[in-house]
Amino acid sequence: MRPVDDLITWHRDVEFDERPVLLHAFSGFVDAGNGVRIAADHILATLDHKLVATFDSDELIDYRARRPRMSFVVDHFASVELDQIDVHEVTDTAGQRFLLVAGPEPDYQWLRFIGAVKQVVDRFDVRLAVGLSAIPWPTPHTRPIGVTVHGSQPDLVTGPVAPIGEVEVPGHVGAMLELQLGQSGVPSMGVTAQVPHYLVQFAYPRSASTLLAGVAAATGLSLPGDELEPAAHQADLDIAAQVAGNAEFATVVSALEQQYDQQIAAPGYAIAGGLAGQSLPSADELAAQVEQFLSELPDSGDPQEPHA
């Protein structure tokens with residue numbers, strides 16, 4: 001393996017008064033409802049941040065799978081937008097500084113990329129790494145989106161745990177990073193939004209606000225999520241209009257609502273940090289749904305991003 005140093009271009013150095021949290025958010029694979037992408041974009045759009053480092057896109061991205069967007073003006077190509085994975089120093093609304101690694105999931109050289117991220121972790125003495133992801137879930141959009149919290153050590157798992165038992169799924173960079181950082185002694189965890197399974201291919205802002213709330217609860221960071229509410233409300237209105245015009249869709253949503261309400265009324269139903277944790281009756285059925293969804297996703301490239 002070539003040296004991982006060549007994979008990073010450093011733009012500036014950063015000194016932290018306290019050991020920082022590192023968030024990693026990779027779009028394109030385990031990103032139902034585009035919640036991860038929307039959350040990362042929202043952090044950068046609403047909080048003060050500075051570019052710290054950039055990973056080499058030519059080494060990591062398959063341009064034929066995610067073709068760059070180019071601008072053609074009259075008689076010439078004027079610009080191109082290349083996907084890239086960056087490291088940002090971000091300041092939350094309370095003045096706490098943290099690191100954000102965000103961009104598309106790499107297509108190539110996963111182990112080398114993870115080694116490069118470990119360099120970032122070591123360089124800034126990161127105290128906790130947190131990954132964002134979103135998966136399909138048999139729940140209606142008319143009820144609160146749940147979250148699943150998982151981590152490399154038991155004391156990190158303070159929220160609801162998904163009752164899927166043991167399931168084998170295709171690997172993704174966020175999960176491998178969580179695994180390998182944990183194995184190297186760095187506390188590492190993930191916050192996963194449970195997105196209504198019929199919305200996984202649409203841009204669903206409420207999944208992003210749920211992720212931000214989950215990360216805030218897990219880390220103590222103060223992350224803005226209220227600004228996403230207008231977009232989330234509009235998406236809800238669009239979905240409601242589709243439900244009203246489709247009897248079959250309405251029947252599915254109604255059945256999911258009944259199931260959800262029965263579960264929330266059952267003894268032992270848990271709500272942690274203000275976020276609902278589903279307790280599904282059949283772990284095997286749920287595991288099968290998650291595994292099927294992940295297996296059917298394309299190997300590379302971002303999903304389509306129409307509004308719900």
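Observations on the model:
- Some residue of segment 119-131 being part of a helix (DSSP H, G or I) and surrounded by 18 or more Cβ atoms within 10 Å (Cβ to Cβ): yes
- Some residue of segment 110-118 being loosely packed, with under 15 Cβ neighbours inside 10 Å, at negative phi and aliphatic (A, V, I, L, M): yes
- Boolean, Leu211 is of a type outside the set (Gly, Ala, Ser) and either surrounded by fewer than 18 Cβ atoms within 10 Å (Cβ to Cβ) or in contact with a His (Cβ under 9 Å, 6 or more places away or on another chain) (or both): no
- Subset of segment 51-79 [without any contact (Cβ under 8 Å) to a residue 40 or more places away in the chain, out of contact with any Ser or Thr (no Cβ under 6 Å at 6 or more places or on another chain) and either more than 23 Å from Gly28 (Cα to Cα) or assigned to a strand (DSSP E or B) (or both)]: Arg69, Met70, Phe72, Val73, Val74, Asp75, His76, Phe77
- Pairs linking a residue in segment 190-207 that is aromatic (Phe, Trp, Tyr) to a residue that is surrounded by fewer than 24 Cβ atoms within 10 Å (Cβ to Cβ) and in a strand (DSSP E or B), with Cβ atoms under 8 Å and 6 or more positions apart or on different chains, are Phe202/His307.
- Residues satisfying the stated conditions in segment 180-207, i.e. farther than 22 Å from Val157 by Cβ and in a helix (DSSP H, G or I): His197, Tyr198, Leu199, Pro205, Arg206
- Test result for Ile38, within 20 Å of Gln201 (Cα to Cα), within 18 Å of the chain's Cα centre (by Cα), among the β-branched types (Val, Ile, Thr) and surrounded by 15 or more Cβ atoms within 10 Å (Cβ to Cβ): yes
- Considering only residues in segment 1-26 that are within 26 Å of Arg67 (Cβ to Cβ) and modelled with pLDDT of 95 or more, the one that is surrounded by the most Cβ atoms within 10 Å (Cβ to Cβ) turns out to be His24.
- The listed residue being among the small types (Gly, Ala, Ser) and farther than 21 Å from Gly131 by Cα, out of Ala65, Ala40: Ala65
- Every listed requirement among (1) part of a loop (DSSP other than H, G, I, E, B); (2) among the small types (Gly, Ala, Ser); (3) on the phi < 0 side of the Ramachandran plot is met by Ala40 save one, (1).
The values are calculated or read from the model by the stated rules, or taken from the named source; none is laboratory data. Values in this document were obtained by computation on a predicted structure and should not be read as measured data. A quick note on method: Cβ atoms are made from the backbone with ideal geometry, for glycine too, and the neighbour counts reach across all protein chains shown.
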